[in-house]
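Heads up: the structure comes next, in structure tokens.
Each value in this text was obtained by applying a stated rule to the coordinates, not by laboratory testing. Keep in mind the model is a prediction, meaning the values are calculated, not measured. Because the Cβ atoms are built from the backbone with ideal geometry, glycine has one as well, and the counts that use them run over all protein chains shown.
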Amino acid sequence: MKLLYELNDTEYEFKGFTHTREIVRGIILDEENRICLEYILDDDGFGHRDYYETPGGGMDKGEDHKNTLDRECAEEIGYHCEVIKEIGCVIDNYNLIKRRNHNYYYLARRTTKCEKHQLADEVQRIKDIIWVDIDTAINLYENMQDELVGKIVKNRELPILKLIKTTLQNHNL
């Protein structure tokens, strides 16, 4: 997958990296081309969190990207999904937990509804699942938390959303 950009964490002190996490994330569309966002609100080891994030998560051993995305969407938002196209990879570095993330982004469409199976920390952290048009999504990101881990998420995902806006304008999806 094409590397789109790499982000360095300027919010927390760099103390080296101990591991890399392979993560698959989706820009998930509904039938009206609205985008799914998870509203994150929590106070934990990362500090205060008050921001939006796209669905996704770490790959399990033996999983491919499409299976990971489908599993994560089912767990987090209660829908299976079907990949439309590959977007690209974003590397971001989380100094606080000494981890490099390889985020593989896909554009996908939700398919069948299913029961959510959020992990305990996701139940605590994910306060709402919303479906919004692309302009609203971009506006939410432009105005969200611009410090701590929220700043890292904003810098990682806002360019992806702007890229998707162009894709949605130029293609009949």
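Please identify, among T136, T54, T68, the residue showing maximal mean-square fluctuation in a Gaussian network model of the chain using a 10 angstrom Cα cutoff.
Most flexible of the set in this elastic network: T136.
Between 0 and 90 degrees, rounded to the nearest ten: what's the tilt of helix 148-170 against the longest Cα principal axis of the chain?
30 degrees
Under unit Cβ charges (Lys, Arg +1; Asp, Glu -1), what dipole magnitude, rounded to 20 debye, does region 1-140 have relative to its Cα centre? Before the final figure, lay out each step's value.
Numbers: 19 positive and 30 negative charges, 90 e Å.
Dipole about the Cα centre, nearest 20: 440 debye.
Grab the DSSP H runs of the chain that are 4 residues or longer, score each as -39,500 (n - 2.57), total them, divide by all residues and round the 222 nm result to the nearest 500 deg cm²/dmol. Mind dumping the intermediate values first?
Values: 4 runs with 51 residues, N = 173.
My calculation for the chain gives -9500 deg cm²/dmol from helical runs alone.
Between rounded, prolate and oblate, where does region 1-121 land on the alpha carbon gyration tensor, with a ≥ b ≥ c its root eigenvalues, rounded for a/c under 1.5, else prolate if a/b exceeds b/c? Before the final figure, lay out each step's value.
Values: a/c = 1.84, a/b = 1.46, b/c = 1.26.
Since a/c reaches 1.5 and a/b is larger than b/c, the shape of region 1-121 is classed as prolate.
Please report the antiparallel percentage of the DSSP beta bridges confined to region 3-170, to the nearest 5.
Numbers: 30 of 45 bridges.
Expressed as a percentage, antiparallel bridges in region 3-170 total about 65.
What ranking do 20-30, 121-131, 86-96 get when scored by the average of other Cβ atoms within 10 Å per residue, highest first?
Top of the packing list down: 20-30, 86-96, 121-131.
Using only the alpha carbons of region 46-173, what is the convex hull's orientation-averaged projected area in square nanometres? Don't skip to the answer; put the middle values down first.
Values: hull surface 33.0 nm².
So the mean shadow area of the Cα hull is 8.2 nm².
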